[in-house]
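All remarks here apply to the structure that follows.
The values are calculated or read from the model by the stated rules, or taken from the named source; none is laboratory data. Predicted model, so just to flag it, every value in this text is computed and none were measured. Positions of Cβ are generated from backbone atoms using ideal geometry, with glycine treated the same way; all protein chains shown enter the neighbour counts. The protein model used for the area step is the full one, side chains on, heavy atoms only, and it has no ligands, DNA or RNA in it. Shrake-Rupley method; radii C 1.70, N 1.55, O 1.52, S 1.80 Å.
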Amino acid sequence: MRVAFDDFVLDHGTRQLLRGKQVRHLSPKAFDLLELLLSHRPNVVTKQRIRARLWSGTYVTDSTLATLVGEVRSSLAEDPKSPRLLRTVHGVGYAFCGTAREVGVRSASARGAVAYRLLLADREVALRPGENVLGRVEDGVVWIEAATVSRRHARIVVDERGVTIEDLGSKNGTFVRGERISGPTALSHGDVIRLGRVSMEVRAVRTDLSTESAID
């Protein structure tokens, strides 16, 4: 998906911010922040939610977040004293205040085949097309031996539209980007999933015949 605003385009697939044909530099976390604000436009995203999405399980100060916002504004050539795209809601958070539109999904042949994996503390697991059950179950894609994980805890579905996760009525819940989910939830590269107290990260890689490259 590509989102156009002002004279910029944010490309979710290539993880690039474009101004015309020029690529504007954004660090991975700055890209994630801009992507998050765009996805919730025009609503305010609280500082707590931003921290949970970008620094799951790690404490960061307001000054660290402000520095990251400054990096995004610099890439957008934005004057913080007269914002046209990013609005600061003092004491609460930030909001994307510009006009933006989705400009379509590129074809599979254009973006290349994508494979998804889960990165756990002790292993990396490939997700197969279709349903992938997570929990303490032998036929699941990931066996997780932990007291806080249910037998059939959650499932991840991989199809031509991408990848989604759904809780299967677990006792301790399924969390995505620090928030407990209540229905099917889309996943992206770098998202942190937590089943009970067990965390893992979603990885997406492009596959080109015998070579693979991470979508970073």
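Note down the relative contact order for the chain as a percent, whole number, built from C-alpha pairs under 8 angstrom at least six residues apart. Don't skip to the answer; put the middle values down first.
Numbers: 402 pairs, mean separation 35.4, N = 216.
With pairs under 8 Å counted, the relative contact order is 16 percent.
Helix 28-39 versus the longest principal axis of the chain: what is the Cα-based angle in degrees, 0 to 90, to the nearest 10?
For helix 28-39, the angle is close to 80 degrees.
So what are the ³J(HN,Hα) numbers for the range 3-14, from phi and the Karplus equation (6.51, -1.76, 1.60; θ = phi - 60°), rounded to whole Hz, Gly and Pro as x?
Calculated HN-Hα couplings, in order: 10, 9, 7, 6, 10, 10, 9, 9, 9, 5, x, 8 Hz.
Please work out, to two decimal places, the log10 of the ratio I(q)/I(0) at q = 0.09, 0.13 Å⁻¹ from a Debye calculation in which every Cα of the chain carries one identical scatterer.
Calculated log10 I(q)/I(0) at the listed q: -0.40, -0.82.
Using unit Cβ charges (K, R positive; D, E negative) and no other charged atoms, how large, in debye to the nearest 20, is the dipole of the range 49-99 about its Cα centre?
Charge dipole of the range 49-99: 160 debye, to the nearest 20.
Sorting GLU145, GLU179, GLU138 by accessible area (1.4 Å probe), largest first, what list results? Walk me through the numbers before you get to the answer.
Values: GLU145 130, GLU179 70, GLU138 165 Å².
Ranked list, largest accessible area first: GLU138, GLU145, GLU179.
Please work out the average accessible area per residue across the chain, using the 1.4 Å probe convention, and give it in Å². Provide the component values of the computation, followed by the final result.
Working: 11670 Å² over 216 residues.
Dividing the accessible area of the chain by its residue count gives 54 Å².
Not counting ligands, DNA or RNA, and with a 1.4 Å probe, what is HIS25's accessible surface area in Å² rounded to the nearest 10?
HIS25 exposes around 140 Å² with every protein chain in place.
Setting aside same-chain residues fewer than 8 positions from LYS81, which lysines have a Cα under 25 Å from its Cα?
Excluding near neighbours in sequence, the set is LYS29, LYS47.
At R0 = 45 Å, how high is the FRET efficiency between VAL103 and GLU201 if r is their beta carbon distance? Nearest 0.05 is fine.
Details: r = 29 Å, r/R0 = 0.64.
In this case the efficiency is close to 0.95.
To the nearest 10 square angstrom, what accessible area does ILE165 show with a 1.4 Å probe?
Surface accessible to solvent at ILE165 totals approximately 0 Å².
Nearest 10 degrees is fine. How inclined is helix 62-75 to the longest principal axis of the chain, computing both from alpha carbons?
Compared with the principal axis, the helix lies near 60 degrees.
Can you put LYS81, LYS47, LYS21 in order of accessible area, largest first, using a 1.4 Å probe?
Result of the area sort, largest leading: LYS21, LYS81, LYS47.
Given H placed 1.01 Å from N in the peptide plane, which residues other than close sequence neighbours of PHE8 have an amide H under 5 Å from its amide H?
Excluding prolines and chain starts, which carry no amide H, there are no hits.
If I model a spin label as a point 7 Å beyond the Cα along the Cα-Cβ vector, how far apart are those points for THR64 and ARG19 in nm?
Label-label distance for THR64 and ARG19, simple model: 2.8 nm.
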